1. Rank the residues A:M62, C:M64, C:M243 as a footprinting-exposure proxy: fewest other Cβ atoms within 10 Å of their Cβ go first.
2. At each listed q (0.11, 0.16, 0.19, 0.24 Å⁻¹), what is the log10 of I(q)/I(0) that the Debye formula gives for segment A:37-141 modelled as equal alpha-carbon point scatterers?
3. Could you tell me what % of all Cα pairs in segment C:191-287 have separations over 19 Å?
4. Tell me which of C:L191, C:A245, C:G139 sits at the most positive position along the dipole axis of chain C, charges placed on C-beta atoms (Lys, Arg +1; Asp, Glu -1).
5. What percent do you get for the relative contact order of segment A:1-126 when only Cα pairs under 8 Å and 6+ apart count?
6. Could you point to the residue in A:S88, B:G99, A:V222 farthest towards the positive end of the protein assembly as shown's charge dipole, with +1 and -1 charges on the Cβ of Lys/Arg and Asp/Glu respectively?
7. Once label points are set 7 Å from the Cα along Cα→Cβ at both A:T311 and B:A126, what is their separation, rounded to one decimal in nm?
8. Give me the dipole magnitude in Debye, nearest 20, for segment C:18-245 about the Cα centre, with unit charges on the beta carbon: positive for Lys and Arg, negative for Asp and Glu.
Amino acid sequence: MSEPLLQVDGLCKTFHVAKSARGNTRLKALDGINLTVGRGETLGLVGESGCGKSTLARTLMMLETPDEGTVTFEGTNPFGLRGKELLSWRRRVQMVFQDPFASLNARMNAGDIVSEPWATHRNLYPSSREREARVRELLHMVGLRPSDARKSPQEFSGGQRQRLGIARALALNPDVIILDEPVSALDLSVQAQILNLLNDLQQELGVSYIFISHDLTVVRHVADRVAVMYLGRIIETGATEEVFDHPRHPYTAALMSASPKLDVTGVKRDRIVLQGELPSPLDPPSGCRFRTRCWKAQDICAEVAPEPRVTAAPDGGLRLAECHFPLETVKGLTGATATAG
Amino acid sequence: MTSSLTEPAAQDQLPGTENRPSGKGNGSQDGNPNLFRLLLKDRFATVSAVLLVLIGLTAVIGPALMGDLATKQNLLFANKAPFSLAHGWEYVLGSDSLGRSMLARLVVASRTTFSVAVPAVAVALAVGSLWGVWAGYHRGWRENVSMRIADVIMSFPSLLLAVVVLYVFSPSAGNIVLILALTRIPIYLRTARAESAELQSRTFVDAARTFGARPNAIIGRHVIPVVLPTLLTLATLEFCYVMLAESSLSFLGIGIQPPDVSWGLMVSQGRQYLQTAWWLSIFPGVAIVVTTIAANVLAAWLRIATDPAQRWRLALPRKRLIARIPVKEAKP
Amino acid sequence: MKTAAQSVLPGQSRAHEVVLSVRALAVDIRTHRGTVRAVNDVNFEARAGETLALLGESGCGKSMTAKALAGIMDPVCDLAGGEVVLNGTDLAALTPKERLKFAGPELGIVFQDALTALNPVYTVGTQLGEAFRIHRGLGAKEAKVQAIELMERVGIPEPESRVNSYPHQFSGGMRQRILIAMAVALNPRLLIADEPTTALDVTVQAQIMQLLRKLREEGQMAVVLITHDLAVVAEEADSVAVMYAGNVVECGPVSEVFSDPRHPYTKGLLESVPVHVGRGARLLSIAGSPPELHDIPAGCVYQSRCPLVQDICRSERPQLLPVTDRPVNDRPVDDRPVDLQDDADDYAGALLSRPGRAAACHFSEEINNV
C-alpha cells in the first residue's frame, strides 16, 4: 500500500459516567487505537455493541475530542485546525449514519437535505443554479429521481432514505466516507441494493470507506482490510480473507464462528459458543481484555497485556494480532472447539 | 455519471414510489401543502380561526364604532339585566352599576387587553425560547446557569415583584407588559431547553455538525423549526394566564388605570356584584375563555399541520382518527 | 404426491406430531385508508421437537401472524378468518377469556425487545413466578423456588441471589434468557419466538439459539421462529415458510427450500446475501420494495419485482401448490414431500407425515432457468 490517506495513532477517549459497581467513573471507550486507511480502500470495522466502534467513528468525524493520540489526514492533524482550514478538512471526511429515519430532518425536503452542507460551504457551489443542478446530479448518482427533490423524507422507503443520506455525504465531494452500520436497518433485498450502490460509487469516485458493521457477511463482501475491535482496542487487523479464513486472535475466531452461516448442505459445523458476556467497559479485565471469555487464557493473560504481534500474511500484507497465544492455523480452531464447547 | 451508477436508479423506482398515493396535484407533493385547504377540513380549527379573526377585528375597529358609549353613564339604566332589547341595542348585554353599556365596554376593553397581553406573551416567548434553545443546545454551564436563573424567577412571587416595580415606576401599559413578560420567561425557557437538549443529540444534528455547520446555524435550521410549534401552543395557554395576571394587577390598582378598561379589570370589578349582577364579571370572563380556547385549538392544529410526519392525520375522515394505528409492523 | 404421503416410516415417534396447525389464517387491519389484509390465507404446521421458521422482510405480516396465534393483536386488527388448531382446540374460535387458559401451559411467546417486555418495577423472580401463581395456584414462596429453578434452567448464573434483581440490572442477553424462561415456565407445547435475537450481538445470539435448541429438545416443544435472518433460519429451523406481503409464497424443509428455491422471491432473497459472490462483485438484489398493504395488486403479490412476470401473474393470484419433486440424490427417506392437503384431511394420522414443499408461483418449475 502506498502512503495512507488517513492514519490514526494511539487514539484514546475516556468518558466520565455515573459510578459503576466498583466505583469507577471513567469509561475508556477507546484505548490506543491504531489504524490506517489508504486511498480508494475500504476498511471494515467489526465488533460487538459497546466495543467502541461508534465512538471511533464520532471521534474521526470530530464530534468527540480525543484525550490522546493523533489523527493524520494527508499529513495534517485536523484537531489542530481552526476556521477556514478546519472547514475545508470537514469537506474531505463525511459520514453516513445507521438509522435512515433519524438522520434526516423530517421538516426538510429531499433537495434541502442534500444541499444542506452547502449552506456552510458556500463557495463550493456559489450560484443557486449550480446548486440545483448538483442536487439533481447527486440524486441521480444514488438512484433517485430528480423530481424526488421536492418530496419530504416520510415519502421515501427506508432504502431510499439511506440513498438520500449517501447523497448528502457525497455533496461535499469527500475523500473518506465513514459508513456507520449503513445497511443494518434495512431489509435484506434493499441491503443488497445499497451495497451495490456503495460499490459503484467507490469505483466511480475513488473514495475510501470506513465500513462499520456487526454483520460479518456484509463486511467480508465490502472490505479490503478488516479491523476487529474488542472493548476499545483493535485486537486484530489484516486483509479481509486472511482475517476471516485464518483468524489469529481467539476472539476473532469465536466471532466468525458465532455468526450464523447460510449453509444448506446440512453439515452441522462445530461452533465456538463463547460463554459469558462482554465485560463492562467501566471495569475491563486486567491484562488481556478477552481473557475472561477466552478458552486459551493462562496466568500470563491476566498479568500482562499482550503486545500486538505483527506477522506477514501470505499475500505480502501485514497481519496484526494482540494475543499471547495466537491461533496458528485452521486446525488450531477445531482443536479449540473441543475445549470451548 | 456513467451507466453503472444509473442502473440501480431505474430499478429502485419501480414499485415503491409509483404506487404511492400521489395526493391531489402539487399540494402534498412538495411537502408544503395548502394550509388553508387543510384548515377547512378540520371543523374545530375553522371555527377557532373565524372566532379569532372576529375578536381581532373587534379589537382593531370596534372601539372606533362604539364612540363614547363605553364611558357614557346613565344612572337610569344602572345594572340592567342582559338579553333584552327594551333599552336599545347598546344594552343587549346589560349595563353596569353606572349604567354604562356592557357591550361597548367589552369591545373597548378588548383592545386594551390585547395591547397588554399580546406584547407580553410575544416578548416572553421570543426571549424565553431563544435563551432556552441556546442553553439546551450547548448544555454544560450555560444550561446550569440558565436553569438556576429560571428557578429564581419562578420562585420569586411574581405579584410581589410586580407590586414593587409598578409602585416604584408608574403603572403604565409598557411597564405592565415588561413585568408580565419577565415573570413568564422561565416557562418558555424550561420547555425550549428540554426540547433543544433532546434535539441536539439527534442524528440529523450530528450530521449537520459533520458538515462543519456552526451552532447558531444548526439551531436556526434544525432546532427552532422543531421546537417552535410546541412553544406556540404553550404561548396560547399563557395568553389566558397573562390576561388574568393583568386583571389582578388592575385589581390592586397598579394595572390598567380607569377609565381605561380591560377584560381582566372588568372581571375583578364585577366580582363584588356577582350575587346581584352576574353579567358584570361573567361576560368578560367568557370573552377571555373563548379567546384562549380558540387560540389553543388553532395552535394545536397548527402544530400538527406544520409537522410533515403528522400532517396526514388532518387529511383523514374525522371518524377514523381514533383508529390511527400505523400499518407497518415494527422493524425487524 | 399420493405415493409420497403413504411412504410413512414406522420408526417415527410422537416427537414429530403436529402440535399447531394453522389453516387459512387471515388478519385485517383497519387504517385511515380503509381495511387492509395484513395476513392472507396463511397455512402452516408446527411439529413437536421441530422449529418452523416464518421468514420475511419487515411488513410482510410475520409478526402479525405470530400475534394472531397468541391472540395478542392490536385493537385495530381483526381475525378475518381461519383456524388456529393447537392440540385439537381451535384457538380462533375461543373467546379472549377462554384463551387465557392456554397462554402459559399450552403456548409461550418470546418477544424481540426484552427490556420493554419485562415490567421494570417488579423483580424478575416475581415476574417469573407469576405463571405458577396464576396457573398452578402456588404461593409466593413456592413460586420463588420455581423461579430460581427456571433461572437455572435457562443458564442464569447465581439464580438464588439474582432472583430479587430488577430487569435493568441484567444485560441484554440475560434479559432475553429471562423472557425465554417466562415463556417456557409451564412447559408449553408451542413456543413462539418473535425475532428473539435480533437486538443481540452475534456471540450472545449464538448462546440464546443454543438455549432455545436445548429447551426445544428437552420439552419436545414445537417452536415457531419468526425472523428476517436467512442464516438463522438455515442453522436453526427444520422447515420454513417464506412470507411476502401477507402471503406465504413458499414453504418446505429448510434444506430443500434454500438449496432449490421454487419461488422467485426466495431465490432473490438467497441471492441478496453476499456469500457466494466474490468480494466487491455485484450482488443480485431484488429491485424495488414490497408493495404497501393498501395496494397489493390483484394478481401475484410479487409481480412488481419479479423477473419472470407474465400476463397471467398480473391477472391471477397463484395458489400455494405442491411443487413437483426433483430428484435430490442424498435426501433422507423421511424428508419426502407430502401433499399439504393430505395432511389436513387426516389430522389423526398426520403425526407420521412430513411437511411438504409448496410454492405460490405460476412458474415454479422454471425458476432455476432464469
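1. Values: A:M62 19, C:M64 23, C:M243 27.
Starting with the residue having the fewest Cβ neighbours, the order is A:M62, C:M64, C:M243.
2. -0.47, -0.99, -1.25, -1.39
3. Details: 2251 of 4656 pairs.
Value for segment C:191-287 (Cα pairs over 19 Å): 48 percent.
4. C:G139
5. Values: 131 pairs, mean separation 30.2, N = 126.
Once normalised by length, the contact order is 24 percent.
6. The listed residue farthest towards the positive side: B:G99.
7. 7.1
8. Details: 22 positive and 27 negative charges, 120 e Å.
The dipole magnitude comes to about 580 debye.
Values quoted throughout were computed directly from the atomic coordinates according to the rules given, and no laboratory measurement underlies them. All of these numbers come straight from a predicted model, not from anything done at the bench. As a convention, Cβ positions derive from the backbone with ideal geometry for all residues, glycine included, and neighbour counts pool all protein chains shown.
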